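The values are calculated or read from the model by the stated rules, or taken from the named source; none is laboratory data. In this text the structure is predicted, and so the values were computed from the model without any measurement. Don't worry about glycine lacking a Cβ; one is built from the backbone with ideal geometry, like all the others, and counts go over all protein chains shown.
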């Protein structure tokens, strides 16, 4: 598994620029957490990149991520990666038992929310503060498709306080802000 092959697979199934940017954001957060936890940075990054690769073709539950998992199996991706990806969608019933699976779940919705917070700011993500993200979390009309319960539950499963998790993910996403258009 190398990033070039992963990107080729990703782009075979995903054409939406917004969805690609979301997966790059999750990849950046996953890589940062892998480094923090002394885990396999490449493997965790690939899980972040591929977690929604099938969403455009199979947007309806349970097709996403079940069909994607089968595609990844055909391409030789290991069970632990596929299980983490399956677990990021609670409706699959796949438990999040590994640090990688818990981290993916914790980062997925938050990355989407941070993207939404960033695009409405003059300086985008450059000066985004935790307090701004938390204020927007309380506004149910803002980015209404983001599941706030998943953000809160993700922090709990990961065992990281909300403020710390938000700061960590912002910092990770800032490292690739040009790629994200932020």
Point to revise | Filter result for residue 109 (buried (at least 22 other Cβ atoms within 10 Å of the Cβ), modelled with pLDDT of 95 or more and part of a helix (DSSP H, G or I)) | key: yes
Exercise for review: Only residues that are assigned to a loop (DSSP other than H, G, I, E, B) and either surrounded by fewer than 16 Cβ atoms within 10 Å (Cβ to Cβ) or more than 14 Å from the chain's Cα centre (by Cα) (or both): list them for segment 55-73, please.
Suggested key: 56, 57, 58, 59, 60, 61, 62
Check your understanding: Which of the following residues is free of Cβ contacts under 8 Å to residues at least 24 places away in the same chain and crowded, with 22+ Cβ neighbours inside 10 Å: 93, 87, 76?
Key -> 87
**Study point:** Yes/no for residue 43 being within 11 Å of the chain's Cα centre (by Cα), surrounded by fewer than 22 Cβ atoms within 10 Å (Cβ to Cβ) and either farther than 21 Å from residue 150 by Cβ or modelled with pLDDT of 95 or more (or both)
**Key:** no
Point to revise | Meets criteria (part of a helix (DSSP H, G or I) and modelled with pLDDT of 95 or more) for residue 125 | key: no
Point to revise | Where residue 153 falls short, out of the listed (1) in contact with a helix residue (DSSP H, G or I) (Cβ under 7 Å, 6 or more places away or on another chain); (2) farther than 21 Å from residue 49 by Cα | key: (1)
**Study point:** Condition check for residue 114: touching a residue at least 12 places away in the same chain (Cβ under 8 Å), touching a helix residue (DSSP H, G or I) at 6+ places or on another chain (Cβ under 8 Å), more than 14 Å from residue 22 (Cβ to Cβ) and surrounded by 19 or more Cβ atoms within 10 Å (Cβ to Cβ)
**Key:** no
**Study point:** Pick from segment 130-152, criterion closer than 21 Å to residue 171 by Cα and in a loop (DSSP other than H, G, I, E, B), ranking: farthest from the chain's Cα centre (by Cα)
**Key:** 143
Point to revise | Qualifying residue in segment 8-17 (condition: closer than 18 Å to residue 111 by Cβ and surrounded by 16 or more Cβ atoms within 10 Å (Cβ to Cβ)) | key: yes
Check your understanding: Which one of 154, 159 is surrounded by 13 or more Cβ atoms within 10 Å (Cβ to Cβ), within 16 Å of residue 110 (Cβ to Cβ) and modelled with pLDDT of 95 or more?
Key -> 154
